[in-house]
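A short write-up of the structure that comes next.
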Amino acid sequence: MKSSGVVLLLALCGTTLSAQAMQQETAQPLQQDMAQLKQQVIQLNRELFLLEQSLLFPPETQLSLFLSIDTGQFMQIDSVELLLDDEPVGGHLYTPTQLEALKRGAIQPLLQLNIDAGQHQLTAVFVGKGPDNRDYRRAVNYSFEKKAESVLLELQVNDRSSNYQPEFVIQPWEQAR
């Protein structure tokens with residue numbers, strides 16, 4: 001009786017081990033299929049995002065604004081307010097982490113919107129702390145003509161060491177052809 005119990009136990013263990021081996025053999029192709037499916041979903045999501053961007057912001061009507069800061073020595077920026085043709089279109093409040101990234105050379109995509117062709121006036125109002133930790137509010141204007149291609153503008157806050165003041169510039173980006 002004892003030997004038959006041992007034989008039965010060994011048979012059950014062998015069956016369990018072979019079942020586990022079969023599960024592992026079928027699990028590997030299943031995991032590979034899942035990894036491929038995940039990559040396909042990621043690629044499809046990327047393509048859908050690009051399609052959405054081209055539909056929402058076609059080059060014929062696109063205006064994109066970016067912000068960069070030189071070193072931030074003479075201006076501790078708190079916020080930027082944006083007006084297009086004297087109408088508010090956006091703005092941004094800055095966190096200390098964002099300011100550190102900008103001071104290290106990051107360029108922030110600030111705003112993307114659709115505008116009609118023709119003459120436009122962009123006004124950017126910079127608010128923050130200036131030299132000697134005083135409240136600082138400075139506006140800069142930029143006139144441009146919107147044509148068939150997209151308009152890319154960089155709002156720059158540069159340190160001007162000649163008079164220890166920040167300088168605000170709106171610089172158009174040249175587009176690759």
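The values are calculated or read from the model by the stated rules, or taken from the named source; none is laboratory data. It should be emphasised that the depicted structure is a prediction, and the values quoted were computed from it without experimental measurement. Here Cβ is always computed from backbone atoms with ideal geometry, including for glycine, and neighbour counts include all displayed protein chains. Only protein heavy atoms, including side chains, enter the accessible area calculation; ligands, DNA and RNA are left aside. Shrake-Rupley method; radii C 1.70, N 1.55, O 1.52, S 1.80 Å.
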Would you please list the contacts, defined by Cβ atoms under 6 Å and residues six or more apart or on different chains, that run from a residue in the stretch 148-177 that is farther than 23 Å from ASP116 by Cβ to a residue that is assigned to a loop (DSSP other than H, G, I, E, B) and open to solvent by 80 Å² or more (accessible area, probe 1.4 Å)? ASP159/GLN73
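Are any residues in the stretch 124-150 open to solvent by less than 20 Å² (accessible area, probe 1.4 Å) and in a strand (DSSP E or B), and if so, which ones?
Passing the criteria: ALA124, VAL125, PHE126, GLY128, PHE144, LYS146.
Filter the stretch 36-49 down to residues that are charged (D, E, K, R) and farther than 30 Å from THR97 by Cβ and give me whichever is modelled with the lowest pLDDT.
Filtering first and then ranking leaves GLU47.
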Residues of the stretch 59-101 satisfying the condition of being in contact with a strand residue (DSSP E or B) (Cβ under 6 Å, 6 or more places away or on another chain), within 19 Å of SER161 (Cβ to Cβ) and surrounded by 15 or more Cβ atoms within 10 Å (Cβ to Cβ): SER68, ILE69, ASP70, PHE74, MET75, GLN76, ILE77
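Among the residues of the stretch 151-170, write down those that are in contact with a Leu (Cβ under 9 Å, 6 or more places away or on another chain), open to solvent by 30 Å² or more (accessible area, probe 1.4 Å) and over 17 Å from LEU102 (Cα atoms).
Passing the criteria: only LEU152.
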